[in-house]
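Encoded as structure tokens, the structure appears first; notes follow it.
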Amino acid sequence: MMENNKKNSAPASISDKRERRAPGRRTNRQAKKHENALPDMENILDQLPQSAAVIIDEKFRIISVFGEETERLGFRKEELIGKIIFTVLPSTTARHLRHYIARVFSGESLHIAGTFRDQTYLVHLKPLSGAGSSTYPLALIMANNITQLKETQHPFKKVHKLLLSEIKAYDQKLKRRDQVLRIETHRRSQAENLLLQSNQRLEMILSATKVAVYSASLSPVYRINFITQNITKLTGFTPQAITDQDRFWLERIHPADRAVYLNEIKSLPVKKKIRQEYRIRRKDGSYLYICDEKSVADNPSGGQVDCVGFIIDISEQKQMEEYLNRSESISRSIISSAAEGIFVQNADGSIHSFNKRCQEILGLSQREILQLDAEHPPWKILQDNGEILLPENQPWIKTLHTGRACRDVTVGLQKGKGRVKWLSVNSQPIYFENAKRPAAVVISFHDITQQRLAHLALQASEEKFKTLLSTAPNGIVIINQRKRIEIVNKSALELFGYTADELVGQPLDILIPELYREAHRQHTKKYFKHPEIRAMGGNFNLYARHKSGRLIPVDISLSHLVVQGKTFVTSVIRDITAQIENEQKLKESEKRYRLLFENDITGDYVSTPEGTLRLCNASFARIFGYASVEEALRQNAETFYTSPEERKNFIRLVKSKRKLENYEMELRKADGKTVSIVQNVVGVFDRRNELVEIIGYIYDLTTFKQMEKQFIQAQKMEAIGKLAGGVAHDFNNLLAVINGYSDLLLKKLPADDPIKKEIAQIKAAGERAASLTTQLLVFSRKQILNPKILNLNRIISNLEKMLIRLIGEDIHFKTHLQEDLKNIKADSGQIDQILINLVVNARDAMPDGGDIIVETKNVTINEDFTQYPASLVSGGYVLISVSDTGTGMDEETRQHIFEPFFTTKEQGKGTGLGLSTVYGIVKQYGGNIYVYSEEGHGTTFKLYFPQVDQDDEIVENKIYDEKSLKGHETILVVEDDTGIQELLETFLSHYGYKVLMASNGKQGIELFRKHKKNIRLVISDVIMPEVSGKKLAEAITADKPYMPLLFISGYTDDVINRQGVPENGAYFLSKPFSPDELVAKVREMLDASANKT
């Protein structure tokens, strides 16, 4: 039991009469009235929440018992009266209490804390003296149950109310005291005595708690008018110091907490009651964390708003919370960053916890690990020799049974007939306090499969190595660190003209011409220090020496080999004599043709009418997709045309016009793709006026044509977007009627009705049409925002077909999606918008086609992860990257890429807001976006979204209980579309509601004013002629402020926002909707409105 003695309060006296004279005569009736007005302090003690109090005499007999906590402790009040207090308590408690009670009877006031029957109590001991006496015949012992105070931070609410009530009662009664005393002089002494006892009891109750009670005014500034003495214990300031200055309390609130404190104070008149936690500066300069709970005080005069409240110290709890959070974070970080797989298994076989590395090694999801059955695991458990490892020999089970740790046990896991995964396992027992058997076991392990495979592979590689040496077409020579030949293969012996006995053991110099030996020695020396696979030579020719002394031009590649700690160098040697001869011939051929066309950027050619190419330049070969001029010259010009008729028409024009200028046509490249060209052609004719040669100059128009097509396509896409937003209202109205009546028919028809299947098809078609409208609105940026838990893999898969249609056939769309991808919280429409924007930008960067790769994966970022951007805070993220193989961008462009209105596209092809919008969306959700690009090497956008540990919200068709949706209330419907009018009336009438129908806003206002006593809900379209939904709402709420309003519309873009209607769905329903969706929303709003009233 802890002890905390304080002598800061004087003993309370049983009676302390003071003489006061008052004029007037006293009457028995008036004195009796004053006596009845005094507060019943015993009743107050009896009502104190979570408290028990007794009064004992000098012989330790209990003479009075109070408080509801007495019975909760297992005592009956009537049984305690007259008993010695030590006989009703446990011996240990009685022994401790005897010492303190003895001190109380000597005049001390004590406060002690301790536990009794698993509950924590704050015990207050107070001596009670006689009037004018220095002896203490009685003692008050009061125990407050503070268990809930420590756990919930909501202490003494009932005390708070009782004390405030008592304070108010005293205030009122004291105001009447003088008047009463003037009339009741003969009972004055008795009344004063009773009042003094009441005050002393109140002071005793307040001082026995650690709660400071106060009252304050809220205007013109927040000022504490009254506060109890306990505040000095908490802050060091006296009540007078606090109440003397207007801003005393506000100025001592921690600057970081002050703004929140003032904002909450402003809300008090509306909320009536608030609870605040903040730091207050003590007199010694330190800060105290307090809980301040205040409520509006009744003010019958209707003047300024006052409040009353109480303050308690919660510094210790705040420190404990901070310590626990920090400790938990450190432990979690240590386990999650471990290189080994770690999991904790309870003694009953259930999995307590595990880290991410455990998932990676075992190849299981979180759910699969948590559902593991210790007695029936999903794999066979093998010993090191491949045989089954019995359960009693498994290290984790052995540790649980014996309590001994296991170290470095090799265990194999095999699913079915699949590959065995080998692990090195350690197990360590966990004991709870005073337990004889382990309560759990910690298992750590790492994957050693590759080590075992490497060992087996080494054995097999020795045989393969021998076979490779003997069958390799190139010469292979292996030397040791002493530069002597260790191994030589058959091809090397044939190349150099030696036998194996003549070369093995000899210095390598025997194969190197004397002229190159010193340079070779230096190169080999450097290579042993810094080995890497590379070719020798470079800017000079390499030669080896034949046994005959002949020099052989060779190509040599070096690689290093480490065997049992010894380093060897392997040389692969290829005879390049024939290659050098061919290269020389090629150089001579290139020299003849290079001078002819090397400076011409157009594709120049000379051909016969039959299609034989006699001459062409590099530009011609490039235009038609050939690697060299020689390859192009082997082609017949007729193969460049899309059809034989095209070729015949071309020859006919050349023969008739002799010369063609700026002649555009489509030709075929080597890969079969078409190329748009413009050419100037001159025909060469002989003496007989017959065409013998065609000389042409071709310019590639493909890029220009593609840009033209892209511009046209962009215009089409913009038109589609405008069309989607423009027709949404009417189209969704039609879908509302189609889908609504389909739902009603399906509900009314019996289950075996043959026509029900056809109606279900109609409904399914309507729902598909609604889904198509949503996709079009996403494309046109007109969707409503609704953040939900999403899985990016699901979003990408759903959007993939649409993206493929956007990018065209010459671009390949690829995805690499991590299977166990974490979820994020975002608006699915905005994520769609991001993907469309990035993919379309990637498409525009690849006019000649290419690849777009979309990839997702989980990443965890902490201070040690330098491969991620430094601006990302530590934590788990979901990464989505969009890469292309397009033109890329320079550093200057990349620096400005996210600025609003910055664009690299031509006028009319972009607003410059796309990427700035993407940036804003990602930052809005606490993520970040980075771009990596290089001219000619494509671009990659990487988007990081914070992970959330919640399941993604898959939208499912809700099933409603029809009975729960029925009602009888009167509903006003305002809708300008006749079909929707009839539909809504049918819907609501079907569920029992009374419907008043208005065809426009003006009529709706008139009907409302006429029937407003009966109308319980208004349903209105948003966009209507003359009087819109917004104006209708203003007129209705001006007449009846709390009337529930439900807006419906086929629009889903910013038109609705401009009308002033919320877009979050709380009071809005988007067309089309089902009968159940409408009526469920109606029922929800009616019930909520009824609860408010």
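Screening region 333-357 for residues that are free of Cβ contacts under 8 Å to residues at least 24 places away in the same chain and within 19 Å of Lys415 (Cβ to Cβ) and picking the one that is farthest from the chain's Cα centre (by Cα) gives Ile351. Of the residues examined, Ala621 is not one that is closer than 27 Å to Glu664 by Cβ, out of contact with any Lys or Arg (no Cβ under 9 Å at 6 or more places or on another chain), modelled with pLDDT of 80 or more and assigned to a loop (DSSP other than H, G, I, E, B). Take the conditions assigned to a loop (DSSP other than H, G, I, E, B), at pLDDT 50 or above and within 14 Å of His124 (Cα to Cα) and apply them to Gly107. Does it pass? So Gly107 fits the description; yes. Might you let me know whether region 275-296 holds any residue that is under 13 Å from Ile224 (Cα atoms), assigned by TED's automatic domain parsing to the domain that holds Tyr222, modelled with pLDDT of 90 or more and over 41 Å from the mean Cα position of the chain (by Cα)? Scanning region 275-296, I find no residue that is under 13 Å from Ile224 (Cα atoms), assigned by TED's automatic domain parsing to the domain that holds Tyr222, modelled with pLDDT of 90 or more and over 41 Å from the mean Cα position of the chain (by Cα), so the answer is no. The criterion of at least 1 residues that are of a type in the set (Val, Ile, Thr) is met by the following helices (runs of 4 or more DSSP H) wholly inside region 229-297: 230-235, 239-243, 255-271. In a residue-by-residue description of region 673-686, the property of being out of contact with any strand residue (DSSP E or B) (no Cβ under 9 Å at 6 or more places or on another chain) and either in the same structural domain as Glu809 (by TED's automatic domain parsing) or closer than 28 Å to Ala845 by Cβ (or both) applies to at least one position.
For region 474-579, the helices (runs of 4 or more DSSP H) that sit wholly inside it and include 1 or more residues that are modelled with pLDDT of 85 or more are 490-496, 500-503. Of Ser916, Ser964, all but one fail to be within 30 Å of Leu872 (Cα to Cα) and at pLDDT below 90; the exception is Ser916. Evaluation of Lys763 against the conditions (1) touching a Ser or Thr at 6+ places or on another chain (Cβ under 8 Å); (2) modelled with pLDDT under 75; (3) not aromatic (Phe, Trp, Tyr) shows that the sole unmet condition is (2). Selection within region 393-438: residues that are under 35 Å from the mean Cα position of the chain (by Cα) and among the aliphatic types (A, V, I, L, M). The member of this set that is modelled with the lowest pLDDT is Ile430.
Among what's in region 685-705 and is closer than 25 Å to Glu631 by Cβ and out of contact with any Ser or Thr (no Cβ under 8 Å at 6 or more places or on another chain), pick the residue that is modelled with the highest pLDDT. Checking each candidate, the answer is Ile695.
If only one of Leu667, Leu633, Leu660, Leu615 is under 60 Å from the mean Cα position of the chain (by Cα) and surrounded by 15 or more Cβ atoms within 10 Å (Cβ to Cβ), which one is it?
The unique qualifying residue is Leu667.
In region 515-535, the residue that is nearest to the chain's Cα centre (by Cα) out of those that are without any contact (Cβ under 8 Å) to a residue 12 or more places away in the chain and farther than 18 Å from Phe568 by Cβ is Gln522. Just to verify a result, which residue in region 919-960, among those that are assigned to a helix (DSSP H, G or I) and out of contact with any strand residue (DSSP E or B) (no Cβ under 6 Å at 6 or more places or on another chain), is modelled with the highest pLDDT? It comes out as Lys923. For Ile312, indicate whether it is buried (at least 16 other Cβ atoms within 10 Å of the Cβ), within 30 Å of Ile280 (Cα to Cα) and at pLDDT 80 or above. When the stated conditions are applied, Ile312 passes them. The single condition among (1) outside the structural domain of Asp348 (by TED's automatic domain parsing); (2) under 28 Å from Leu362 (Cα atoms) that Ala440 does not satisfy is (1). Only a single item in (1) of a type in the set (A, V, I, L, M); (2) modelled with pLDDT of 90 or more; (3) over 32 Å from the mean Cα position of the chain (by Cα); (4) under 30 Å from Ala769 (Cα atoms) is not met by Ile1023, and it is number (2). If I filter region 846-869 for residues that are farther than 30 Å from Ser365 by Cβ, assigned to a loop (DSSP other than H, G, I, E, B), among the charged types (D, E, K, R) and in the same structural domain as Ile929 (by TED's automatic domain parsing), do I get at least one hit? The answer is yes; a qualifying residue exists. Assess whether Ile388 counts as being over 19 Å from Ala440 (Cβ atoms) and of a type in the set (Val, Ile, Thr). Yes. Taking into account only those residues within region 120-143 that are assigned to a loop (DSSP other than H, G, I, E, B) and small (Gly, Ala, Ser), which is modelled with the lowest pLDDT? Per the stated criteria, the residue is Ala131.
The values are calculated or read from the model by the stated rules, or taken from the named source; none is laboratory data. If you're wondering where the values come from, they're calculated on a predicted model, not measured in any experiment. Note that each Cβ is placed from the backbone with ideal geometry, even for glycine, and that neighbours are counted across all protein chains shown.
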